[in-house]
Structure formats: structure tokens, C-alpha cells
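Data block below; observations after.
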Amino acid sequence: MKFYRKHNALIIESALLVKSAGFLTAGNKGAKDAKAAAFIPFVFVRAEEFATPIFINHERIHFRQQIETLIFGCWILHICEDIYSRLFLKIKSPDYYLYRAIEQEAYRNQHDMDYLKNRKWFSLFKYITDKRKITFLENRPPEVMVGEKI
Ligand SMILES: [Zn+2]
């Protein structure tokens, strides 16, 4: 485990912690694929190569969501959305993870480095009903293609 500051973020580099966070949020596939995680005020990365401005911006969007919902709200929201998307919409991994409002907001705005400066409080809640199809670009994490409304 390493601890450092990069791109103005407090980074904890630990493959084990990122795998564990990935498992908790998206099961075995999450454990295998997760590259970074957020728990305010720390950005966790599997390896230093993932401490990039886009990853850090993505995780900072999660920080803001965690503050707004006092952390537990994010968990409650994501559990409710997972139940809905998996049981009723029959969405499978990794798409149910990308269906979550917290990830919709983070992936759709991670490239905008001014997003958090201009973001209105509680913007997260807009993404409960505003869903788009998100597809990972192969071998270019965390870059995604944002598709049609779902
Ligand atoms: Zn995320």
C-alpha cells in the first residue's frame, strides 16, 4: 500500500482495497475490473497508472455525492437501483453497475474538468430518472461511450 498526492488528490494505492471495493459494488466482475474507488477524502487506485485526471475527476464526483447524501444515501440509492435494475429490468453485470445514478453522473461528466465547479447541489438525483446507455471503451478505462436514453 502506498500513499501519495497526485493531481491535487490524496491517493491510496492498494490493489487489495480496490478489488474489495469492486467486489462490494459489482461482485466478482467488479473485483476483477475495478481500477479506482472513492471514499472521501481518499481516491483509491489499483496502480499508479490509474491516478489520471479523468479517474480522479470521476472519483471527485463521487466525493460530492457522498457529501450530499452523508455517504449512506449513496449506498441506499445504489442498493434500491440495483434491486430495480436487476430484478425488474433484468439488467446484467456490468450494465447494472452503469445504470446507477451515482455512476451515470460520474461517467457522463468525468471528462469535464470544470463539472464540479459548475455543478448544482443534489444534481445526483436527476440521474435517477435520466439514464443513458454507457459502454466502456476497450482498454481505455475509465473512458466510456454515452449512448441513447434507457
Ligand atoms: Zn464510479
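Based on protein heavy atoms only, the stretch 5-88 ends up with 52 Å² per residue of surface accessible to a 1.4 Å probe.
Measuring how big the stretch 75-118 is from its alpha-carbon positions, Rg and Dmax come out at 12.3, 36 Å.
Kirkwood-type hydrodynamic radius, the stretch 1-65: 11.4 Å, calculated from all non-identical alpha-carbon pairs.
Please report the carbon-and-sulfur percent of the accessible area for the stretch 1-114; probe 1.4 Å, protein heavy atoms only, DNA, RNA and ligands left out. Percent of accessible area from carbon and sulfur atoms in the stretch 1-114: 65. Once backbone amide H atoms are built at 1.01 Å from N, Leu10 has Val43 as its partners under 5 Å, excluding neighbours fewer than 5 places away on the same chain.
Kindly give the semi-axes, whole Å and largest first, of the ellipsoid equivalent to the stretch 100-147, taking each as the square root of 5 times a Cα gyration tensor eigenvalue. Please report the intermediate quantities before stating the final value.
Numbers: eigenvalues 75, 40, 9 Å².
Ellipsoid semi-axes (Å, largest first): 19, 14, 7.
What longest range of the chain stays clear of loop-exposed chymotrypsin sites (Phe, Trp or Tyr not before Pro) (DSSP non-H/G/I/E/B, at most 14 other C-beta within 10 angstrom)? Before the final figure, lay out the partial values.
On the way: sites that count: Trp121, Phe122.
For chymotrypsin sites (Phe, Trp or Tyr not before Pro) (loop position, at most 14 other Cβ atoms within 10 Å), the longest site-free span of the chain is 1-120.
Projecting the alpha carbon convex hull of the chain along each direction and taking the average yields 8.3 nm². Straight distance only, please: which lysines reach the Cα of Lys2 with their own Cα at less than 23 Å, same-chain residues fewer than 8 apart left out? Straight-line reach from Lys2, under 23 Å: Lys19, Lys32, Lys35. Exposed loop sites are taken as GluC sites (Glu not before Pro) in a DSSP loop (any state but H, G, I, E or B) with at most 16 other beta carbon atoms within 10 Å; the longest stretch of the chain without one runs 1-137. In this view, the solvent-accessible surface of Lys29, computed with a 1.4 Å probe and all protein chains in place, comes to about 80 Å². Partner aspartates and glutamates whose Cα lies under 18 Å from the Cα of Lys133, excluding those fewer than 8 positions away in the same chain, are identified as Glu81, Asp82, Asp95, Glu103, Glu105, Glu143, Glu148.
Could you work out the relative contact order of the chain? I mean the mean sequence separation of Cα pairs under 8 Å and 6+ apart, divided by the number of residues, in percent.
That works out to 17 percent.
For the stretch 31-106, the Stokes-Einstein estimate of translational diffusion at 20 °C and a viscosity of 1.002 mPa s comes to 163 µm²/s, using the Kirkwood hydrodynamic radius over alpha-carbon pairs.
The values are calculated or read from the model by the stated rules, or taken from the named source; none is laboratory data. What you are looking at is a predicted structure, and each value in this text was computed from that prediction instead of being measured. Here Cβ is always computed from backbone atoms with ideal geometry, including for glycine, and neighbour counts include all displayed protein chains. Note: areas computed on protein heavy atoms with side chains; ligands, DNA, RNA excluded. Shrake-Rupley method; radii C 1.70, N 1.55, O 1.52, S 1.80 Å.
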